[in-house]
Amino acid sequence: MTEIAFSETARCLLPILDRVAARGDTITYAELARDAGIHPPHSIHRTAEALEEILRADHAAARPLRAAVAVSAKRGGIPAPGFFHLCGEIGLYFGPDSGPQAAAFHALELKRLRQTG
């Protein structure tokens, strides 16, 4: 299998995402940025870009989406709209970026992570 060349920011996030997923938990974008040592300015934006990179790599490798453990503190425990938009772009999700359908898709991705833990 080919080794993915992740950005430095993505490499900082991976062990945290893996730990959070192994616990069956979620983490906010701000907590993830803080724990990874990603400092302002634009720490959340840089974190989101790295999460997109990880999501694309997980999808390409047919793995559960580790980026699903990162959630918005303001959206009731689901990821930000960009997560759902990217999942739509790569053909995994076809629905709104909020509401019951988004929550159900997110819950299924978290379940996939727990099952492969």
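Brief remarks follow.
- Gaussian network model of the chain, springs between alpha carbon atoms under 10 Å - residue of 21, 48, 61 with greatest fluctuation: 61
- Long-range amide H partners of residue 71 with built H, under 5 Å: 27, 28, 29
- Computed label-point distance, nm, for sites residue 19 and residue 108 using a 7 Å Cα→Cβ extension: 3.1
- Potential lengthening of the chain between residue 45 and residue 5 amounts to 12.4 nm, from the contour at 0.36 nm per residue minus the alpha-carbon distance.
- Placing +1 on the Cβ of every Lys and Arg and -1 on the Cβ of every Asp and Glu, with nothing else charged, gives the chain a dipole about its Cα centre of roughly 340 debye.
- Signed unit charges on C-beta, dipole axis of the chain, positive-most listed residue 100, 16, 5: 100
Bear in mind these aren't lab numbers, they're just calculated from the coordinates by the rules spelled out. In this text the structure is predicted, and so the values were computed from the model without any measurement. When we count neighbours, we look across all protein chains shown, and the Cβ atoms used for this are built from the backbone with ideal geometry, even at glycine.
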